[in-house]
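Accompanying notes for the structure given below.
The values are calculated or read from the model by the stated rules, or taken from the named source; none is laboratory data. In this text the structure is predicted, and so the values were computed from the model without any measurement. Neighbour counts run over all protein chains shown; Cβ positions are idealised from the backbone, glycine included. Calculation scope for accessible area: heavy atoms of the full protein, side chains included, ligands and nucleic acids excluded. Shrake-Rupley method; radii C 1.70, N 1.55, O 1.52, S 1.80 Å.
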Amino acid sequence: MDMVSTAEPDPLDSLDTKVTRARASGAWWREIGHHGRRTRLLEWRRVMARRLPEILDLLQRENGKVRADAVVEMTAALTHVDWSARNARRVLSRRRVPSGPLMLNHLATVEYRPYGVIGVIGPWNYPVHTPVGSIAYALAAGNTVVFKPSEYTPAAGQWLLDTFEEAVPGRSVLQLAPGDGAVGAALCTAGVDKVAFTGSPATGARVLAACAASLTPVLLELGGKDAMVVAADADVPAAVEAALWGGCSNTGQSCAGIERVYVADPVYDRFLDLLARRAREVRSGTDFGRITMPGQLDVIRRHIEDALARGGRAVVGGPDSVRPPHVTGPVILADVPEDAAAMREETFGPVLVVNRVADAAEGVERANDSDYALGAAVFARRRAGALADGMRAGMISVNDVLSFPAVGALPFGGRGRSGFGRIHGADGLREFTVPTARTRKLFDVPLAVSTYARGGRDITRLERLVTRLYSR
Ligand code: NAD
């Protein structure tokens, strides 16, 4: 008689099996080449788009998003599946590079080979778009993937797997490893060839430490404390709308959401008045969802209370706006000292601090004074380009907000406490590859150097040649 186990499978036990299976399926995935992968990834995109109502409902139910935020998330996710599928061949295929005057007899090429198996660990705030930024690019580059979704959004993770299985049945090219942080930690040491982590800086540091022993490379997409700078000649109503949406869309739970706004003195009062008016019009339930992770409500309240205790002003809302499981509406604070928690730590809620600066240049200086450096926004007319040049960030929107993640070709990522490495665009494809250099000797040259068959004259001639070439 067969023994049938009724026990739940241990997620840690099955992890090794998943990595082994992913490695085995890699042979087929590589063999079908760029064209074959493009066909299958575009089919995945089609399946996802056809099943859109399903995931929009799920994102509302599981994550607490409003419909509009769910649609925005899925638009970005589909854009990146499409872009990565269509561009992998162009970006990653073997190409010729100049071999240089001293190596003219060699054909030099570079190609971008997949790592093998990528472990993707995702957060809950954009449970489809964020992991897709790693998954689609890793797959398009020829890797297979084991994906651990956030424990707060397991159903969205399952949906990604189900749609992929519908498009590419029975191949185990993408596998799901559901579970909590312990599963994420185990994935780091389960023999994957690279880990792509998106989440908080504290967990990112743990992932980096876990991967250090085996020298497993890591991509870290971490938090942000993004700032917007509004110059005196800016289109103030446009800047107000951008600040409000940039700070409060997805109920403020965006890594690259605006949390600090520095407004030049001549337009500060007008900006703040208009922002307050518009913030009071934001409708809970249509514009504004719930806070997904209950513990975050304490952080949001602490930041508001600390800002007020240090002399900041509550212009719209305040500590009472935090009513579990909701924040009832946007919270607008002003004149908050730069050492307040709301200025230094990630709030991850619908709280905007609006501070006065003498001019946009001071705004840029204050914006840059942060441990984080993910995204940034500048509103200006005359010196917009120069101000953007001065911003220390991985991504900058000029006269708009959060526009960069919607452009398939642009890399996404930060520096400092916001992490390192890139998803999206050509850099995002290369992030999941090993650049592999090749030279091929085409003919012999009279100058023999890299051989012990050389004569003393060869070295003298090389010495003369190098001097002439590089001393000019
Ligand atoms: P988190 O760090 O708590 O968790 C992220 C993921 O890591 C989860 O899947 C979790 O289970 C897993 N995890 C927990 N402990 C682990 C460990 N020791 N080893 C490996 N994995 C572990 O982050 P979160 O609260 O889910 O997400 C919010 C954070 O993510 C914010 O800081 C936000 O700014 C950031 N974020 C960044 C980006 C970006 O692209 N830069 C995008 C979205 C979110």
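Can you work out the Karplus-derived ³J(HN,Hα) for every residue in region 418-425? Use 6.51 cos²θ - 1.76 cosθ + 1.60 with θ = phi - 60°, whole Hz, and x for glycine or proline.
Using θ = phi - 60°, the values come out as 8, x, 8, x, 9, 9, 6, x Hz.
In square nanometres and to one decimal, what's the mean projected area of the convex hull around the Cα atoms of region 105-222? Can you show the working numbers first?
Values: hull surface 35.1 nm².
Mean projected area for region 105-222: 8.8 nm², to one decimal.
Order these peptides, 141-152, 70-81, by their mean beta-carbon neighbour count within 10 angstrom, highest first. Don't skip to the answer; put the middle values down first.
Numbers: 141-152: 24.7, 70-81: 20.8.
The packing order, highest mean first, is 141-152, 70-81.
Compute the Cα gyration tensor for region 1-141, then decide on rounded, prolate or oblate, letting a ≥ b ≥ c be the square roots of its eigenvalues: rounded whenever a/c is under 1.5, prolate when a/b is larger than b/c in the other cases, and oblate in all that remain.
On the way: a/c = 2.61, a/b = 1.44, b/c = 1.81.
Judged from the Cα gyration tensor, region 1-141 comes out oblate (a/c at least 1.5, b/c at or above a/b).
Compute the accessible area per residue over the chain, keeping the other protein chains in place, probe 1.4 Å, unit Å². It would help to have the intermediate numbers written out before the result.
On the way: 20810 Å² over 472 residues.
Here the per-residue accessible area is 44 Å².
Just from the alpha-carbon atoms, what are the Rg and Dmax of region 124-169 in angstroms?
For region 124-169, the Cα-based Rg and Dmax read 10.4, 29 Å.
So, with a 1.4 angstrom probe, what is the percent of accessible area on the chain that is carbon and sulfur?
53
Which cross-chain or sequence-distant (5 or more) residues have an amide H under 5 Å from the amide H of Val434, H modelled 1.01 Å from N in plane?
Residues meeting the amide H criterion: Arg113, Tyr115.
In terms of the Cα gyration tensor, with a ≥ b ≥ c the square roots of its eigenvalues, is region 321-379 rounded because a/c is under 1.5, prolate because a/b exceeds b/c, or oblate?
The shape class here is prolate.
What are the semi-axes of the equivalent ellipsoid of the chain, taken as the square roots of 5 times the eigenvalues of the Cα gyration tensor, listed largest first and rounded to whole Å? Mind dumping the intermediate values first?
Working: eigenvalues 371, 213, 73 Å².
They are 43, 33, 19 Å, listed from largest to smallest.
Set the bar at 25 Å for Cα to Cα. Now go through Lys18/Lys65; Lys18/Lys194; Lys65/Lys148 and name every pair that lies beyond it. Before the final figure, lay out each step's value.
Numbers: Lys18/Lys65 31 Å; Lys18/Lys194 15 Å; Lys65/Lys148 21 Å.
Violating the 25 Å limit, Cα to Cα: Lys18/Lys65.
Give, rounded to the nearest 20 debye, the magnitude of the charge dipole that the chain has about its Cα centre when Lys and Arg contribute +1 at Cβ and Asp and Glu contribute -1 at Cβ. List each step's numbers first, then the result.
Values: 58 positive and 52 negative charges, 520 e Å.
Using Cβ point charges on Lys, Arg, Asp and Glu, the chain gives about 2500 debye.
Go through 196-202, 51-57 and give me the packing order, highest mean Cβ count within 10 Å leading.
Values: 196-202: 21.9, 51-57: 14.6.
So the order, starting with the most tightly packed, is 196-202, 51-57.
Take the alpha-carbon positions of region 226-406, form their convex hull, and give its projected area averaged over all directions (one quarter of the hull surface) in nm².
Mean projected area for region 226-406: 9.0 nm², to one decimal.
Could you derive backbone 3J(HN,Hα) for region 172-181 from the dihedral phi with the Karplus parameters 6.51, -1.76 and 1.60 (θ = phi - 60°), listing whole Hz in sequence and x where the residue is Gly or Pro?
Here the 3J(HN,Hα) series is 6, 6, 10, 10, 10, 10, x, x, 8, x Hz.
I'd like the antiparallel share, as a percent to the nearest 5, of DSSP beta bridges with both residues in the chain. Present the calculation step by step, with values, prior to reporting the outcome.
On the way: 22 of 61 bridges.
Of those bridges, close to 35 percent are antiparallel.
If you plug each phi of region 67-74 into the Karplus form 6.51 cos²θ - 1.76 cosθ + 1.60 with θ = phi - 60°, what whole-Hz ³J(HN,Hα) values come out, in order, with x for Gly and Pro?
3, 4, 5, 5, 5, 4, 4, 5
For region 180-232, compute Rh as the Kirkwood radius over C-alpha pairs and then the Stokes-Einstein diffusion coefficient at 20 °C and 1.002 mPa s; write the answer in µm²/s, rounded to an integer. Write out the running numbers ahead of the final one.
Values: Rh = 12.3 Å.
Using the Kirkwood radius from Cα pairs, D works out to 175 µm²/s.
Just to confirm my numbers, what's the Cα centroid distance between region 416-432 and region 45-83 in Å?
23
Based on DSSP H runs of at least 4 residues, each adding -39500 (n - 2.57), what is the mean residue ellipticity at 222 nm of the chain after dividing by all its residues, to the nearest 500 deg cm²/dmol?
On the way: 16 runs with 202 residues, N = 472.
Roughly -13500 deg cm²/dmol at 222 nm, from the helical runs in the chain.
Would you grab the residues whose amide H sits under 5 Å from the one on Asp233? Only those 5+ places off in sequence or on another chain, please, with H modelled 1.01 Å from N.
Arg381
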